[in-house]
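First up is the structure itself, then whatever we jot down about it.
The values are calculated or read from the model by the stated rules, or taken from the named source; none is laboratory data. Please read all numbers here as calculations on a predicted model, not as lab measurements. Cβ placement follows ideal geometry from the backbone for every residue including glycine, while neighbour counts extend to all protein chains displayed. When the accessible area is computed, the model is the full protein with side chains, heavy atoms only, and any ligands, DNA or RNA have been set aside. Shrake-Rupley method; radii C 1.70, N 1.55, O 1.52, S 1.80 Å.
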Amino acid sequence: MAYIYTLPMIFSAFGALLCLVRRTYFEEVVSVIVSLATIVAAVATIFLPNFSNTFLYVDGLSKIMLIVISIVYTSTVIFSTTYMKYMENPLFEKNFYYLLMNVFAFTMFFTVSVNSFGMMWIGVEATTVTSALLVATENNESAIEATWRYIVVVSSGLIISLLSNVFIYASIHTLSFSNIMSMHITHADRILLLGTMMAVIGYGTKAGIFPMHTWLPDVHGKAPAPVSAIFSGVLLPVALYVVARVLQAVPVGPLKEFSFVLGFLTVSIAASLMVVQKYYKRLFAYSTMENMGMVLIGLSLGKYAFIGAIVLITSHAFAKSSAFFLSGNILAKYKSRKIEDVKGIFKRMPFTGYTLMFSSMAVTGTPPFGTFVGEMMIIYGILKNFPLFYALALTSFLALAFISVNSKVGKMVFSESSEKVMERKRVGRSIPIINIALAFLMIFLIPQIEELLSKGMVK
Amino acid sequence: MEKIFTLVGFFEILLVLFMQWEVYTKKIITTFSIASYTIAAFLLYIGIVEKEYLVITLAIITAVVRGFFIPWFMKRSIVKDPWREREIRPTLSTAFSILMSLFIVVFAYVLYRITIYSSVQLSAGSIPIALILQGAFLMVSRRNAFIQLIGYMIMENAIFLFEGYIFPGLPFIVEAGIVLDLIGIVAVAGIVVKMMKNSTSDLNESDELRG
């Protein structure tokens, strides 16, 4: 039975191995096939009961994460098949790029399927090992510097989370998530509390949570579009998945309040920084940071806000990956990352223009996208737990983010341009449309998400 | 055992303090190598006395990877690229670095006393915390990528000291995975450092990587 839950891991690892074979287009075909297979395998798990043994722990939350990862992974691989053609001087050959992408997906599937905080740490750290070189794919000096910042900042953060594992183990003598859950911890001693807080900071580093977020805009700004998309869409939520597990296992007051404060600060800092952004990829990066802050708030509040956080993770994953794919298409045509250099997308690349506008509305929580519902559920959670002021303050930061992103994207899309149409029919144009449609369709799947989180499977 | 731990910890702190004010990369690498061998020897001693084969494995890995291989790899790169030899423009002055390092040692002690001392009851338990903070400080105070990498590995060494002596007993599979991952990250970092045409101080400080 256990093997069914490991299929996404097996497929992606198998795909990585096959990428070692050097044949024209072979690595692309293989990667697309295995990534599609991971979607089938991940979706199949939602009709199966929860599963746990010494190594694996797959419940409703894991299943949702498996599905989201597999879909964003697939769209990234398919989008890469066109995007790689625009790269002038890639750092390595195409087969190595796909090999890293498949191993990277494997590490994410691994992280959301394992039963031990120690193994989760290994998975998250392995995502850094496998993805660092992907950031530097475009092989220029600033991309390499961004890669270096990524390695240094994220690894330092993960050292903190490694220490958190040591502390948690020292306090309760197990790292197994299922064992810790069976303890029903309601009171944490000093070492356990310190360990869990360190976990929030450490994994929060990888998720772009303030104050360890500094790597995020650099990497998202400089990585190739498909890499930014998969980072923003699923890598950051995978790190927050571990934080969610910590909060589920040790649901004590100070830890929840600590997470709430960090989430709140993340939203406020990101929203404020969005106002002054001059580069569209960095703008989307700060938008990701803002969304991750909201997710952390939702996870810390629990109940409906927790469901809201998961809805936000799923719909944001599709919407933001779409936004980054489109930013790649724009970069390929306009050859500039500056907002002021990109004019008249609507006239020159009509499909891209429409989709980008919808994507930016989706990532800023505009109805009717799933992000809106997710954010509303989180704000409802705040209203239930805190005075009105907190909800108002948070809403104003969300409004600031909304205005910043949509006004800047609006300028890029609707400004005048005398240049001719330069959009071509390619798969790179369709993938963002599919993803933004998924971000909208999420609102119809909220009951299923709730059922998965409460019962573990859909009947 | 506690006396030896205190002695090793004190020696480690001294070595890190030396690294904080040193500007020649090669000397910092050699010092780091000595620090790693010392921790490896201490872990080996614990492993033999307490018959903990896992701790012995950790000791061997520490000696081979961080005592020998990584310093050797870095020194070889310096021979190829002589501009990496010396930190040209340190972010902080030497005097300020020393002062900060001493402050960190005191801060780590205070932090330890008010947080986990009541549970650990070990007078020298603040040493690994001081080492973690010293490693972090070395990373933020230097621009040379090799020295930043050494700062990261000092933090790793401190974790090994923590889990080898203060909180031993993590499951083997977890320990093995951690070791593999840490080797992986250092290997990738090594590749990226090699890709840099200049040290981080000379990198093009593009406007896009700000704000």
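Here are a few things to note about the model shown:
- On the stretch given as region A:319-347, residues that are closer than 25 Å to residue A:398 by Cα, open to solvent by 10 Å² or more (accessible area, probe 1.4 Å) and part of a helix (DSSP H, G or I) total 2.
- When restricted to residues that are assigned to a helix (DSSP H, G or I) and open to solvent by less than 30 Å² (accessible area, probe 1.4 Å), region A:77-95 contains 8.
Residue by residue, here is whether (1) in contact with an Asp or Glu (Cβ under 6 Å, 6 or more places away or on another chain); (2) within 21 Å of residue B:39 (Cα to Cα); (3) of a type in the set (Ser, Thr, Tyr); (4) assigned to a helix (DSSP H, G or I) holds:
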| position | (1), (2), (3), (4) |
| --- | --- |
| B:100 | no, no, no, yes |
| B:105 | no, yes, no, yes |
| B:108 | no, yes, no, yes |
| B:118 | no, no, yes, yes |
| B:124 | no, yes, no, no |
| B:133 | no, yes, no, yes |
| B:136 | no, yes, no, yes |
| B:139 | no, yes, no, yes |
| B:143 | no, no, no, no |
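- Test result for residue A:271, at pLDDT below 90 and either open to solvent by 10 Å² or more (accessible area, probe 1.4 Å) or over 15 Å from residue A:236 (Cα atoms) (or both): no
- Residue within region A:206-214 that is in contact with a Leu (Cβ under 9 Å, 6 or more places away or on another chain) and either in a helix (DSSP H, G or I) or facing chain B (nearest Cβ under 10 Å) (or both) present: yes
- Taking region A:33-74 as the range and being surrounded by fewer than 22 Cβ atoms within 10 Å (Cβ to Cβ), more than 24 Å from residue A:311 (Cβ to Cβ) and at pLDDT 95 or above as the test, the residues that pass are A:33, A:36, A:37.
- Region A:123-150, residues that are closer than 14 Å to residue A:235 by Cα, open to solvent by 10 Å² or more (accessible area, probe 1.4 Å) and within 7 Å of another protein chain (Cβ to nearest Cβ): A:126, A:129
- Qualifying residue in region A:182-199 (condition: open to solvent by less than 10 Å² (accessible area, probe 1.4 Å), out of contact with any Ser or Thr (no Cβ under 7 Å at 6 or more places or on another chain), more than 9 Å from every other protein chain (Cβ to nearest Cβ) and in contact (Cβ under 8 Å) with a residue 60 or more places away in the chain): no
- Just one of the listed residues (A:68, A:153) is in contact (Cβ under 8 Å) with a residue 60 or more places away in the chain, within 10 Å of chain B (Cβ to nearest Cβ) and under 21 Å from residue A:207 (Cα atoms), and it is A:153.
- Spans of helices (runs of 4 or more DSSP H) in region A:348-459 with at least 1 residues charged (D, E, K, R): A:370-385, A:388-414, A:427-441, A:446-455
- Unique residue being closer than 21 Å to residue A:74 by Cβ, of a type in the set (A, V, I, L, M), outside any loop (DSSP other than H, G, I, E, B) and at pLDDT 95 or above when the list is A:243, A:295, A:238: A:238
- Taken over region A:168-181, the criterion of being more than 7 Å from chain B (Cβ to nearest Cβ) and either open to solvent by less than 10 Å² (accessible area, probe 1.4 Å) or without any contact (Cβ under 8 Å) to a residue 12 or more places away in the chain (or both) is satisfied by A:168, A:173, A:174, A:177, A:179, A:180.
- Number of the condition not met by residue A:102 [criteria: (1) of a type outside the set (A, V, I, L, M, F, W, C); (2) touching a Ser or Thr at 6+ places or on another chain (Cβ under 9 Å); (3) free of Cβ contacts under 8 Å to residues at least 24 places away in the same chain]: (3)
- Annotation note: of A:107, A:38, A:74, A:54, the sole residue that is of a type in the set (Ser, Thr, Tyr) and part of a loop (DSSP other than H, G, I, E, B) is A:54.
- Of the listed requirements (1) open to solvent by 10 Å² or more (accessible area, probe 1.4 Å); (2) not in a helix (DSSP H, G or I), residue A:254 misses just one: (2).
- Condition broken by residue A:171, with the remaining ones in (1) hydroxyl-bearing (Ser, Thr, Tyr); (2) in contact with a Leu (Cβ under 7 Å, 6 or more places away or on another chain); (3) closer than 18 Å to residue A:114 by Cβ satisfied: (3)
- Residue in region A:52-65 that is of a type in the set (D, E, K, R) and under 29 Å from residue A:180 (Cβ atoms) present: yes
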